[in-house]
1. Any idea which residue in segment 10-40 is modelled with the lowest pLDDT, counting only those that are surrounded by 14 or more Cβ atoms within 10 Å (Cβ to Cβ), under 28 Å from Lys120 (Cβ atoms) and out of contact with any strand residue (DSSP E or B) (no Cβ under 9 Å at 6 or more places or on another chain)?
2. Looking at segment 142-153, is at least one residue in a loop (DSSP other than H, G, I, E, B) and at pLDDT 90 or above?
3. Can you tell me which residue in segment 42-59 is modelled with the highest pLDDT, limited to those that are within 17 Å of Lys116 (Cβ to Cβ) and polar (S, T, N, Q)?
Amino acid sequence: MKLIVKKLEQGDWDRYRNVIVKIEKSAFTPQERTNKWVFRELINKYTPYTTIFYYGRIPIGYYMAATLEDSSEKDEFKKIDKYYNKKNTLYLFSIGVKKEYQKLGVGKQMLEHLIKMASKKFKRLSFHTKNKNFRRMAFNYGFRVLKYVKMDGYRMGYMAKWLRKE
């Protein structure tokens with residue numbers, strides 16, 4: 001399945017918010033969804049790391065990322081990843097694929113795109129997840145669990161991958 005990639009630009013929230021919200025509703029349970037105002041803040045502040053994936057003209061997935069230092073994530077993750085203060089870690093805030101396109105290799109293509117994009121500027125890529133399938137896929141791409149954390153009643157794996165050592 002060949003995907004078309006659309007990198008969001010500054011001020012694209014109004015144009016693409018409904019696209020991302022629809023993907024989010026399809027991909028996640030209500031408890032897992034991100035608040036649309038958090039999306040707005042992230043898209044407006046970190047647009048170089050927000051991307052929507054299309055299959056033809058159908059939006060089927062997205063990811064959003066920020067530097068770990070700038071991310072709105074809990075300080076707990078910043079403490080786990082001792083390299084955060086060097087601004088060399090890109091933190092994957094959210095990644096989602098519409099339910100009907102899951103298990104077709106879309107998430108794999110999106111993760112490959114993210115790794116390729118991140119490796120141009122960052123030394124590390126990190127995220128946290130409770131999803132065992134995503135964690136398993138990330139292991140196949142060289143990610144390792146730095147620590148398991150209990151959050152909101154879930155066991156989350158905080159994972160990272162060195163992209164380059166220089």
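The values are calculated or read from the model by the stated rules, or taken from the named source; none is laboratory data. These numbers come from a predicted model, not from an experiment. Every residue, glycine among them, receives a Cβ derived from its backbone with ideal geometry; neighbour counts consider all protein chains shown.
1. Arg40
2. Filtering segment 142-153 down to residues in a loop (DSSP other than H, G, I, E, B) leaves 142-143, 152-153.
Now restrict to residues that are at pLDDT 90 or above: 142-143.
Yes, that holds for at least one residue.
3. Start the filter on segment 42-59 by keeping residues that are within 17 Å of Lys116 (Cβ to Cβ), which leaves 48-53.
The next check asks that each one be polar (S, T, N, Q); those that pass are 50-51.
On the way: Thr50: 89, Thr51: 94.
So, considering only residues that are within 17 Å of Lys116 (Cβ to Cβ) and polar (S, T, N, Q), the one modelled with the highest pLDDT is Thr51.
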